[in-house]
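The values are calculated or read from the model by the stated rules, or taken from the named source; none is laboratory data. Nothing here was measured: the structure is a model prediction, and the numbers come from that model. Here the Cβ positions follow ideal geometry from the backbone for every residue, glycine too, while neighbour counts run over all protein chains shown. Please note that ligands, DNA and RNA were not included when accessible areas were found on the heavy atoms of the full protein model with its side chains. Shrake-Rupley method; radii C 1.70, N 1.55, O 1.52, S 1.80 Å.
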There are 2 protein chains.
Amino acid sequence: MSLQDAGMPVTDLGIQRGYGIFDFLRVSGNIPLYLDDHLDRFFQSAGFMRLPVKLSRSELSSVIGRLIRENNLPVSGIRMLLTGGESADGYQIHEPNLAVVQQVIPAPGEQWLNKGSQLVSYPFQRQLPHVKTTDYLMAIWLQPWLKENQADDVLYYQEGIVTECPRANIFMVTDDHKLVTPRRNMLKGVTRKQIMGLAGACDLDVEERDIHLSEMSGAKEVFITSSTKRIIPVSRLDDHIFPAALDSSISHRLWAALRAHEMTYIETRS
Amino acid sequence: MSLQDAGMPVTDLGIQRGYGIFDFLRVSGNIPLYLDDHLDRFFQSAGFMRLPVKLSRSELSSVIGRLIRENNLPVSGIRMLLTGGESADGYQIHEPNLAVVQQVIPAPGEQWLNKGSQLVSYPFQRQLPHVKTTDYLMAIWLQPWLKENQADDVLYYQEGIVTECPRANIFMVTDDHKLVTPRRNMLKGVTRKQIMGLAGACDLDVEERDIHLSEMSGAKEVFITSSTKRIIPVSRLDDHIFPAALDSSISHRLWAALRAHEMTYIETRS
């Protein structure tokens, strides 16, 4: 059915109690990118939240394949959504509802890569942060505040330690040529994993460790990563302005390496 | 329409991003109890979350009146639910969806008053705690852990300070005859307000202040309050067993005072 017609009962725990998980993957050339990683995480999220998935992994994979064939939206996104389901007492998980939807999204062009993203930091820790829950309450609530601050996104930190943006992971490149990224209290993105794998090709050692917010302004480069945007250099964090990311920057080189990796992924599966 | 048929689009921010607020009130003798307090809080929650309500206060009140007349469920509950609505980019609030539903719920009998409730404490702070959001992620997630601990409900605390149960406020009666209840980082319940107003009739001074978790075991009585249950004495908190609440207890006397107050409320509006 069309996305506009897809509905869920108001008694679903996903609506009444905000109890749900999801995953979102990008489709390019009608190939679902890094499908295995997204399915891994989807089933991990479901398991941790004690939500049984009524489809097996291969059945869910087939549904995604069928959506792609029937919709023929070569550049798009697919969302798998699993909610607590209808509940007699509005509190106990009974039978989860699963929805798989596909929609057109823009390809991650070089626009953001050149423009960069302006971040503001905010002290907040997501609950169950290693699970991809539907809890974006704070992220949505902060939208007007972001606008007031002429920012594109928020960077969460807690007790001085940086964790993540609501829909992206963060990296910094240090003077001694290390690629550093937070190691805990956040969601480990699929693109984050790819970037860590590609860092070696840019002669970077990767370090997963706690990063203090005050460290970030001393970084050579800072960038965020996500499945829909690949890499976006951070041009501003609070009051600190980073130099524009040049073509020779790590951000640009990793962006190109990631795009090449995607092309290979697509070609070997077409 | 019937509750089973009421639905929301999967693209609603309430489902996709857990962005929603609600309020729930009890109906007794076809009278919506403390309607003004619930409407106050509903509009406050909506305002804080920047969700415009498409009905005015008097229109919403009329809808509730019509539901009560048409459904004729004298002992029931009414839920007003307001979600972020359908969103083009899945992130920006566009036009909120409002649903008002009525369903049968049991009257708050003396069963729980006599049985009491067993609580276990858990270190957690709800986000935007003074708003009645649909975020019950942690509460639902903890359900199996509650069962393992033979507990009925969880008591949240943060940095040693007690805040609330997911759907109830907490009170303790001290040796020097004070009724003490948390003052911050939690939702201020409608029943909590009534209880504070009725405390004088039981010769109790009320104190709103931080309560350390370790203080609770020294209390003469501990009880929780909610719109659906009125008052439930706490019979156990973690390893500490409280003496059974007798008919002469503060819990029982306040329960009776609250029921009498409700009766007057109903009689003056019938």
For this session: Within segment B:103-120, work out how many residues are open to solvent by 20 Å² or more (accessible area, probe 1.4 Å), in contact (Cβ under 8 Å) with a residue 40 or more places away in the chain and part of a strand (DSSP E or B).
Result: 2
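Residues are listed down the side, and each one gets a yes or a no for (1) out of contact with any Lys or Arg (no Cβ under 8 Å at 6 or more places or on another chain); (2) within 20 Å of residue A:140 (Cα to Cα); (3) among the hydrophobic types (A, V, I, L, M, F, W, C):
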site	(1), (2), (3)
B:3	yes, no, yes
B:15	yes, yes, yes
B:27	yes, no, yes
B:31	no, no, yes
B:42	no, yes, yes
B:46	yes, yes, yes
B:50	yes, yes, no
B:67	yes, no, yes
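Of all residues in segment A:209-221, count the ones that are farther than 16 Å from residue A:176 by Cβ and either without any contact (Cβ under 8 Å) to a residue 40 or more places away in the chain or of a type in the set (Phe, Trp, Tyr) (or both).
Here is the first cut: in segment A:209-221, the ones farther than 16 Å from residue A:176 by Cβ are A:210, A:212-214, A:217.
When the remaining residues are screened for being either without any contact (Cβ under 8 Å) to a residue 40 or more places away in the chain or of a type in the set (Phe, Trp, Tyr) (or both), the result is A:217.
Number of matching residues: 1.
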Exercise. Hey, does segment A:210-229 have a residue that's open to solvent by 10 Å² or more (accessible area, probe 1.4 Å), of a type in the set (Asp, Glu), touching a strand residue (DSSP E or B) at 6+ places or on another chain (Cβ under 6 Å) and at positive phi?
Worked result: no
Problem set entry | Only listed residue being of a type in the set (D, E, K, R), crowded, with 20+ Cβ neighbours inside 10 Å and outside any loop (DSSP other than H, G, I, E, B), chosen from B:192, B:236 | B:192
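Can you tell me which residues in segment A:168-185 are part of a loop (DSSP other than H, G, I, E, B) and in contact (Cβ under 8 Å) with a residue 12 or more places away in the chain?
Filtering segment A:168-185 down to residues part of a loop (DSSP other than H, G, I, E, B) leaves A:174-177, A:182-185.
Those that are part of a loop (DSSP other than H, G, I, E, B) and in contact (Cβ under 8 Å) with a residue 12 or more places away in the chain: A:174, A:175, A:177, A:182, A:183, A:184, A:185.
Is there a residue being on the phi > 0 side of the Ramachandran plot and modelled with pLDDT of 95 or more anywhere in segment A:181-192? Write out each step before concluding.
The first filter runs over segment A:181-192 and keeps only residues on the phi > 0 side of the Ramachandran plot, leaving A:185.
Keeping just the survivors that are modelled with pLDDT of 95 or more gives A:185.
Checking segment A:181-192: at least one residue is on the phi > 0 side of the Ramachandran plot and modelled with pLDDT of 95 or more.
Among the listed residues B:257, B:244, B:199, which satisfies the condition of being loosely packed, with under 13 Cβ neighbours inside 10 Å and not in a strand (DSSP E or B)? Reasoning before the result, please.
Values: B:257 fails: loosely packed, with under 13 Cβ neighbours inside 10 Å; B:199 fails: loosely packed, with under 13 Cβ neighbours inside 10 Å.
Matching residue, one of B:257, B:244, B:199: B:244.
Just a yes or no: is a residue in segment A:49-71 acidic (Asp, Glu), free of Cβ contacts under 8 Å to residues at least 12 places away in the same chain and more than 16 Å from residue A:96 (Cβ to Cβ)? Give the steps one after another, and end with the answer.
From segment A:49-71, those acidic (Asp, Glu) are A:59, A:70; that's our starting set.
From what's left, free of Cβ contacts under 8 Å to residues at least 12 places away in the same chain: A:59, A:70.
Cutting the leftovers down to more than 16 Å from residue A:96 (Cβ to Cβ) gives us A:70.
Within segment A:49-71, one or more residues are acidic (Asp, Glu), free of Cβ contacts under 8 Å to residues at least 12 places away in the same chain and more than 16 Å from residue A:96 (Cβ to Cβ).
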For this session: Can you tell me which residue among B:207, B:164 is open to solvent by 10 Å² or more (accessible area, probe 1.4 Å) and within 23 Å of the chain's Cα centre (by Cα)?
Result: B:207
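Of B:67, B:51, B:73, which residue is open to solvent by less than 60 Å² (accessible area, probe 1.4 Å), under 22 Å from residue B:135 (Cβ atoms) and either in contact with a strand residue (DSSP E or B) (Cβ under 9 Å, 6 or more places away or on another chain) or modelled with pLDDT of 95 or more (or both)?
Working: B:67 fails: under 22 Å from residue B:135 (Cβ atoms); B:73 fails: under 22 Å from residue B:135 (Cβ atoms).
None of the other options fit; the residue is B:51.
Would you be able to say whether some residue in segment B:220-231 is of a type in the set (Val, Ile, Thr), in a helix (DSSP H, G or I) and within 19 Å of the chain's Cα centre (by Cα)?
First, pick out the residues of segment B:220-231 that are of a type in the set (Val, Ile, Thr): B:222, B:224-225, B:228, B:231.
Subset that is in a helix (DSSP H, G or I): none.
Checked against the condition, which is being of a type in the set (Val, Ile, Thr), in a helix (DSSP H, G or I) and within 19 Å of the chain's Cα centre (by Cα), segment B:220-231 yields no hits at all.
Hey, among the residues in segment A:1-37 that are surrounded by fewer than 17 Cβ atoms within 10 Å (Cβ to Cβ) and touching a residue at least 12 places away in the same chain (Cβ under 8 Å), which one's farthest from the other protein chains (Cβ to nearest Cβ)? Write out each step before concluding.
Within segment A:1-37, the subset surrounded by fewer than 17 Cβ atoms within 10 Å (Cβ to Cβ) is A:1-6, A:29, A:36.
From what's left, touching a residue at least 12 places away in the same chain (Cβ under 8 Å): A:3, A:6, A:29.
Numbers: A:3: 6, A:6: 5, A:29: 23 Å.
Going through the qualifying residues, I end up with A:29.
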Exercise. Among the residues of segment A:92-99, is any away from every other protein chain (no Cβ under 11 Å), farther than 15 Å from residue A:2 by Cα, at pLDDT below 95 and open to solvent by 30 Å² or more (accessible area, probe 1.4 Å)?
Worked result: yes
